[in-house]
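Colleague: The structure is given below, and queries will be raised subsequently.
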Amino acid sequence: MSVLLLATLAVALAWPVPVLLDRARWVRRAPGTAMVLWQAVALAGGLSLIGTPLAWGLGPFGDHLGESLPAFVAALSDGTWVDRLEEDVWMPARIAAVTGAVLLAGHLVLTLAVTAWRTVTQRRRHRQMVELLATPPAERTVEQAHTRVLPHDVPLAYCLPGLNGSLTVLSQGLIDQLSEREVNAVVAHERAHLRQRHDLLRLAFESWHRAVAWLPTTATARRAVAQLTEMLADDAALKSHDRTDLVRAIVLTGEAEGVARGTAGTDAGRTVPNVQEDGSVPLTLRFYRLLDPVPPLSLTVRLGVIVTALGLMALPVVLLA
Amino acid sequence: MALGDLERSVMDLLWDRPGPHTANEVRDTLAGDLAVTTVLTVLSRLEKKGLVQRDGGRRPHRYGAVSSREDHTVGLLNEVLGSVPDRQAVLARFLGGIGPDEAAAVRRLLGD
């Protein structure tokens with residue numbers, strides 16, 4: 001029975017739940033809370049995806065993994081596992097299920113490790129180049145120790161998380177084309193990404209997507225989490241900077257990016273929907289909330305969502321144990 | 001001077017004054033009192049990183065930048081803008097994330 005519940009959970013978290021969460025409008029009123037929920041959905045989804053075939057495959061050894069796993073390991077070591085399984089008509093399928101579950105678990109861990117390793121090495125290499133090519137900002141108004149300016153006309157800003165000190169990189173074009181207040185809003189936005197370690201969240205959902213790319217909702221989750229990190233950084237920047245300054249800065253870099261790519265609007269896998277037939281562009285939630293601020297969700301509702309998220313994470317464990 | 005700063009000074013020199021230089025010439029142009037062996041160490045580190053090339057054959061070896069400062073900057077920019085596959089997530093680029101279409105739409109809303 002618990003295997004059936006677990007399978008239902010796996011299916012729900014693999015498809016309808018992420019799709020609904022992606023469409024939910026309330027996330028703009030509580031991006032931090034929504035982020036916790038996305039993490040719970042991914043974690044519980046992964047656990048139930050591995051746990052379902054494992055629990056079913058080991059069914060002949062017990063009703064729950066807490067019981068069947070030790071029994072199976074004991075049977076493996078004394079060689080009686082074949083006898084136990086031979087009584088079962090589903091034996092080949094059960095062996096395949098257990099093997100599949102073990103392989104999937106290994107695949108997830110390995111993908112995370114490989115993605116993390118590649119990220120660290122590529123970032124280190126990128127940073128070496130930045131240190132060679134860029135200079136600390138001349139303007140005293142910008143914090144100099146952790147900021148670098150690249151000599152290029154395209155206005156752009158990004159951050160480079162690192163183990164020994166993170167960098168915010170601005171282009172000379174950004175400093176030239178934006179007002180001082182707009183530049184400072186951008187820097188505050190990037191600093192928030194670094195301070196809140198948004199790179200780790202993105203890394204986790206990136207490797208989750210790479211590992212299970214056949215599941216389209218992993219791409220949904222990756223995009224949604226990326227947008228939530230933007231909302232969180234916007235909120236942090238707005239604590240000390242003007243809303244209009246931030247919006248103008250984002251718009252300018254967005255426009256320049258299209259020019260720099262030379263492929264405006266044609267880039268596959270963009271985070272932004274393309275132009276509609278009537279010529280309008282559906283704005284992402286991030287801009288709705290920037291242009292039309294709504295009060296945050298009440299503490300009660302947010303607590304309710306957090307409790308739901310914790311329950312979701314506990315559910316596969318409870319069903320398996 | 002830290003090794004990183006030295007690498008930077010050497011690259012600045014090779015970028016600003018094209019044409020291969022010997023380690024002695026590099027040392028003479030750089031400020032400070034550097035040993036030639038130090039300069040050679042820095043040059044071979046930069047060579048390993050693919051930034052500097054050494055012309056083969058007769059000694060003393062001559063060193064030059066593999067490509068210009070501008071080319072390297074454009075290379076970085078392409079990584080950041082995601083023209084290089086798989087790099088975007090790696091770099092955790094942030095302020096972007098908005099396409100030109102949406103940028104134009106927001107600008108209209110702002111009444112510019």
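Colleague: Do you know which residues across the range A:23-32 are under 17 Å from A:Leu200 (Cα atoms) and surrounded by 21 or more Cβ atoms within 10 Å (Cβ to Cβ)?
Modeller: Hit for the range A:23-32 is A:Pro31, nothing else.
Colleague: Still on this model: Hey, can you tell me all the residues within the range A:90-118 that are in contact with a Ser or Thr (Cβ under 9 Å, 6 or more places away or on another chain) and within 14 Å of chain B (Cβ to nearest Cβ)?
Modeller: Selection gives A:Thr111, A:Leu112, A:Val114, A:Thr115, A:Ala116.
Colleague: Right, something else. Here are A:Leu312, A:Leu238, A:Leu285: which of them is under 20 Å from B:Leu110 (Cβ atoms) and at pLDDT 95 or above?
Modeller: Being under 20 Å from B:Leu110 (Cβ atoms) and at pLDDT 95 or above holds for just one of A:Leu312, A:Leu238, A:Leu285, which is A:Leu238.
Colleague: Failed condition for A:Val149, given (1) hydrophobic (A, V, I, L, M, F, W, C); (2) at the interface with another protein chain (Cβ under 9 Å from one of its Cβ atoms); (3) out of contact with any His (no Cβ under 7 Å at 6 or more places or on another chain); (4) not in a loop (DSSP other than H, G, I, E, B), with all others met?
Modeller: With (1) hydrophobic (A, V, I, L, M, F, W, C); (2) at the interface with another protein chain (Cβ under 9 Å from one of its Cβ atoms); (3) out of contact with any His (no Cβ under 7 Å at 6 or more places or on another chain); (4) not in a loop (DSSP other than H, G, I, E, B) applied to A:Val149, the lone miss is (2).
Colleague: Related question: Check the range A:101-122 and report whether any residue there is touching a residue at least 12 places away in the same chain (Cβ under 8 Å), buried (at least 20 other Cβ atoms within 10 Å of the Cβ) and within 24 Å of A:Arg191 (Cβ to Cβ).
Modeller: So far as the range A:101-122 goes, yes, one or more of its residues are touching a residue at least 12 places away in the same chain (Cβ under 8 Å), buried (at least 20 other Cβ atoms within 10 Å of the Cβ) and within 24 Å of A:Arg191 (Cβ to Cβ).
Colleague: Limited to the range B:22-68, what total is found for residues that are loosely packed, with under 13 Cβ neighbours inside 10 Å, of a type in the set (A, V, I, L, M, F, W, C) and modelled with pLDDT under 90? It would help to see each step written out before you state the result.
Modeller: Here is the first cut: in the range B:22-68, the residues loosely packed, with under 13 Cβ neighbours inside 10 Å are B:24, B:28, B:31-33, B:35, B:37, B:48, B:50, B:55-60, B:68.
From what's left, of a type in the set (A, V, I, L, M, F, W, C): B:31, B:35.
Those left that are additionally modelled with pLDDT under 90: B:31.
Qualifying residue count, the range B:22-68: 1.
Colleague: Also: Among all residue pairs at least 6 apart or on different chains, which show Cβ distances below 6 Å where the first residue, located in the range A:240-252, is under 16 Å from A:Glu230 (Cα atoms) and the second is of a type outside the set (A, V, I, L, M) and in a helix (DSSP H, G or I)?
Modeller: From the range A:240-252, the pairs are A:Asp245/A:Arg181; A:Asp245/A:Glu182; A:Arg248/A:Glu182; A:Ala249/A:Glu182; A:Val251/B:Arg107.
Colleague: Check B:Leu13, B:Leu76 and return the single one that is part of a helix (DSSP H, G or I), within 14 Å of chain A (Cβ to nearest Cβ) and modelled with pLDDT of 90 or more.
Modeller: B:Leu13
Colleague: Could you name every one of the helices (runs of 4 or more DSSP H) located completely within the range A:153-224 that has at least 1 residues being over 16 Å from A:Ala116 (Cβ atoms)?
Modeller: Result: A:172-177, A:180-195.
Yes or no, residue by residue, for (1) away from every other protein chain (no Cβ under 12 Å); (2) buried (at least 23 other Cβ atoms within 10 Å of the Cβ):
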| position | (1), (2) |
| --- | --- |
| A:Val169 | no, yes |
| A:Ile175 | yes, no |
| A:Ala204 | no, no |
| A:Ser207 | no, yes |
| A:Thr217 | yes, no |
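Colleague: Which one of these is modelled with pLDDT under 90 and either touching a His at 6+ places or on another chain (Cβ under 6 Å) or within 14 Å of chain A (Cβ to nearest Cβ) (or both): B:Asp71, B:Asp5?
Modeller: Result of the check over B:Asp71, B:Asp5: B:Asp5.
Colleague: Looking at (1) within 22 Å of A:Pro53 (Cβ to Cβ); (2) of a type in the set (A, V, I, L, M, F, W, C); (3) touching a residue at least 40 places away in the same chain (Cβ under 8 Å), which is the one condition that is false for A:Phe72?
Modeller: So A:Phe72 meets the others, but not (3).
The values are calculated or read from the model by the stated rules, or taken from the named source; none is laboratory data. In this text, all values refer to a predicted model and were calculated from it rather than measured experimentally. We place every Cβ from the backbone using ideal geometry, glycine too, and count neighbours over all the protein chains shown.
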